[in-house]
Amino acid sequence: MVKKRALSLLLTLLTLGFLLAGCGGTSSKVPADGTYSCEVSLEGGTGKATIESPCTITVTDGKLNATIKWSSKNYDYMIVNGEKYINESESGEKSSFTFPVESLPIDLPVIGDTTAMSTPHEIEYTIHFESIN
């Protein structure tokens, strides 16, 4: 009788463990350190600017960083999660920025500052990141 109860308890605990392991749907496994590609799309703004897809995702010590390249050379900074990132590209080249990404896939609200108009303008966008390829 004791063996039967112990076996029943063990099966119940195993079942519960499997059920709990399937919960939490938003967590994603971080890939090994390295460089990956990730499909991205852009929403917002006037529709004139785009970003190159796929973008580059670099994983270092379990942290993800995305490098986004714009179709324009006129973006001088981006604001992502309240942090300001300065254009990394050489003068005259398309604007490029590298910033942390918490997880993938994700929809990330950002602000891009463009100097293409008579005065600089901050424009709100959302970058849609898919899973790593």
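No lab work stands behind these numbers, since they all come straight from the coordinates. None of the values given here were measured: they were computed from a predicted structure. Note: ideal-geometry Cβ built from the backbone for every residue, glycine included; neighbour counts use all protein chains shown.
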Quiz item: Along segment 103-120, what does the Karplus equation 6.51 cos²θ - 1.76 cosθ + 1.60 (θ = phi - 60°) give for ³J(HN,Hα), rounded to whole Hz, x for Gly and Pro?
Solution: 6, 9, x, 7, 9, 10, x, 9, 10, x, 9, 10, 9, 6, 9, 4, 10, x
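Output the pairs from 63/84; 48/73; 29/94 with a Cα-Cα distance over 21 Å in this structure; if there are none, say none. Numbers along the way, then the final one.
Numbers: 63/84 18 Å; 48/73 13 Å; 29/94 32 Å.
Among 63/84; 48/73; 29/94, the Cα-Cα distance tops 21 Å for 29/94.
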Self-check item: Inter-site label distance for residue 131 and residue 86 at 7 Å from Cα along Cβ, in nm
Solution: 3.8 nm
Quiz item: Which residues in segment 80-120 place their backbone N less than 16 Å from a point set 7 Å from the Cα of residue 39 along the Cα-to-Cβ direction?
Solution: 104-107
